[in-house]
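One structure below.
The values are calculated or read from the model by the stated rules, or taken from the named source; none is laboratory data. The shown structure was predicted, so the numbers you read here are calculated from the model rather than taken from an experiment. Neighbour counts run over all protein chains shown; Cβ positions are idealised from the backbone, glycine included.
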């Protein structure tokens with residue numbers, strides 16, 4: 001590195017780009033790369049977040065040491081931005097040029113790296129933000145899309161960045177759409193919604209984004225999903241109908257409208273939508289999985305008919321479900337949630353050895369899974385497998401308890417808690433002095449946040465089994481926690 005280049009590392013650190021943002025990936029690079037490639041294919045017609053898609057995928061290619069592909073993607077990013085934004089391109093190129101400067105630096109081409117640094121610095125001189133700590137809205141927007149695409153845990157950062165972009169450009173269609181989508185995902189993923197009848201923040205933002213861009217089919221579907229919570233079914237149905245007319249092959253429209261119909265128990269309509277999705281070869285695993293969920297609901301509906309159920313019909317829907325899940329995992333072996341569904345269905349078919357083998361494969365994947373909900377589903381389903389099919393209650397309890405320990409919101413593991421309560425209550429009905437059952441209720445109460453009630457159960461458990469160190473330890477911890485909370 002020349003003397004003039006000695007300051008280059010410091011200049012690179014000042015750039016706003018994927019190399020300097022703190023990106024926390026929730027899933028593996030290959031999965032994210034596939035998603036981004038699908039977005040690129042789709043963005044040929046709709047451009048929300050397009051520049052981010054090219055440059056973010058380029059960054060992932062760099063991480064996998066695929067430098068030539070990374071360079072090609074960044075060149076494509078620049079070309080697309082120039083074609084789409086014309087005279088307004090420069091501000092949109094800040095992140096792309098920043099990524100290019102870093103890529104050239106890692107290639108050892110310090111002269112080109114300095115050249116791209118200079119381009120960014122020249123743009124910032126031409127378009128000052130007025131504050132050293134703030135960015136141009138175009139930079140906030142690309143940062144927002146990046147945080148949104150890479151990680152569920154970065155969703156709050158994405159929302160904050162979209163908001164900052166909108167403070168400068170309040171009527172920009174892309175930032176408003178991105179802000180609406182991010183708010184929608186937060187409310188859906190974390191079950192946030194208004195309980196007093198007033199429309200939620202995401203619902204209001206979706207309405208505003210559609211005022212600016214009334215034909216955005218993906219936003220129409222998302223708003224329809226939100227309106228169901230307020231029992232505005234007619235408006236929701238109308239939005240889904242319009243979305244399917246506006247952009248029937250849009251993968252986001254297929255997914256959201258299909259899920260809308262699935263949640264409304266309009267299963268035959270949902271199946272038609274998801275089968276349309278199978279035409280998109282790039283998303284076969286996802287749409288096969290959604291079809292499997294539709295057939296699963298048909299199977300459950302038949303089972304609920306009780307003595308009037310048709311076992312032949314039930315078996316038909318189960319086999320349809322298994323067929324689509326098998327196709328999904330064949331195309332995407334890392335699709336662990338589909339594997340867990342498949343394992344439980346094998347058990348229902350009476351193939352316990354195949355079910356056990358599939359569950360063990362799921363357990364092997366647990367250490368590398370970043371999505372906690374999928375970890376919970378594996379333990380819950382494996383617990384159900386032992387509870388209902390192998391009749392191994394000890395193993396069922398062990399997996400339900402593992403589900404309780406996963407740091408998620410209470411409603412997400414309520415099925416594990418419900419099963420543990422049922423097991424404990426059944427034991428206590430036979431023997432009121434069953435210490436193990438009382439301790440089980442204590443553990444559930446503790447997980448639910450009712451420490452006082454949990455302590456009472458552990459006290460009763462200790463009265464039945466005075467030398468049990470596990471019960472004593474749990475009770476001591478609970479008493480300390482109760483004492484600490486009362487002194488606050």
Mind checking which residues of segment 30-44 are within 25 Å of residue 106 (Cα to Cα) and either touching a strand residue (DSSP E or B) at 6+ places or on another chain (Cβ under 9 Å) or surrounded by 13 or more Cβ atoms within 10 Å (Cβ to Cβ) (or both)? 31, 32, 33, 34, 36, 37
In segment 138-155, is there at least one residue being without any contact (Cβ under 8 Å) to a residue 12 or more places away in the chain and either more than 26 Å from the chain's Cα centre (by Cα) or not assigned by TED's automatic domain parsing to the domain that holds residue 36 (or both)? no
Is it the case that some residue within segment 125-136 is over 27 Å from residue 230 (Cβ atoms) and in contact with a helix residue (DSSP H, G or I) (Cβ under 6 Å, 6 or more places away or on another chain)? yes
Hey, does segment 220-229 have a residue that's at pLDDT below 95 and not in a helix (DSSP H, G or I)? yes
Going by what's in this entry, would residue 334 be described as modelled with pLDDT of 95 or more and surrounded by fewer than 21 Cβ atoms within 10 Å (Cβ to Cβ)? no
Looking at segment 241-251, which of its residues are in contact (Cβ under 8 Å) with a residue 12 or more places away in the chain and more than 14 Å from residue 274 (Cβ to Cβ)? 242, 243, 246, 247
So how many residues does segment 160-174 have that are under 21 Å from the mean Cα position of the chain (by Cα) and crowded, with 20+ Cβ neighbours inside 10 Å? 2
How many residues does segment 431-476 hold that are free of Cβ contacts under 8 Å to residues at least 40 places away in the same chain and outside any loop (DSSP other than H, G, I, E, B)? 31
Does residue 192 satisfy being surrounded by fewer than 23 Cβ atoms within 10 Å (Cβ to Cβ), modelled with pLDDT under 95, not assigned by TED's automatic domain parsing to the domain that holds residue 33 and not in a helix (DSSP H, G or I)? yes
Would you tally the residues in segment 107-135 being modelled with pLDDT of 95 or more and under 34 Å from the mean Cα position of the chain (by Cα)? 1
The one condition in (1) assigned to a helix (DSSP H, G or I); (2) touching a residue at least 60 places away in the same chain (Cβ under 8 Å) that residue 370 fails to fulfil: (1)
Suppose the filter is part of a helix (DSSP H, G or I) and under 20 Å from residue 292 (Cα atoms); does residue 388 pass it? no
Between 327, 302, 269, which is more than 23 Å from the chain's Cα centre (by Cα), closer than 30 Å to residue 217 by Cβ and assigned to a helix (DSSP H, G or I)? 269
Among the residues of segment 56-73, write down those that are over 22 Å from the mean Cα position of the chain (by Cα) and assigned to a helix (DSSP H, G or I). 58, 61, 62, 63, 67, 68, 69, 70, 71, 72, 73
Pairs returned, first residue in segment 1-26 that is closer than 14 Å to residue 105 by Cα, second residue that is modelled with pLDDT under 90 and part of a loop (DSSP other than H, G, I, E, B), beta-carbon separation under 8 angstrom, 6 or more apart or interchain, are 8/1
Go through 163, 171 for me and flag whichever is outside the structural domain of residue 59 (by TED's automatic domain parsing), in a helix (DSSP H, G or I) and closer than 23 Å to residue 92 by Cβ. 163
Select, from 36, 12, the only residue that is modelled with pLDDT of 95 or more and under 21 Å from residue 144 (Cα atoms). 12
Taking segment 272-285 only, how many residues are outside any helix (DSSP H, G or I) and either crowded, with 21+ Cβ neighbours inside 10 Å or more than 22 Å from the chain's Cα centre (by Cα) (or both)? 1
Could you pull out the residue among 254, 212 that is under 30 Å from residue 131 (Cβ atoms) and either in contact (Cβ under 8 Å) with a residue 40 or more places away in the chain or crowded, with 17+ Cβ neighbours inside 10 Å (or both)? 212
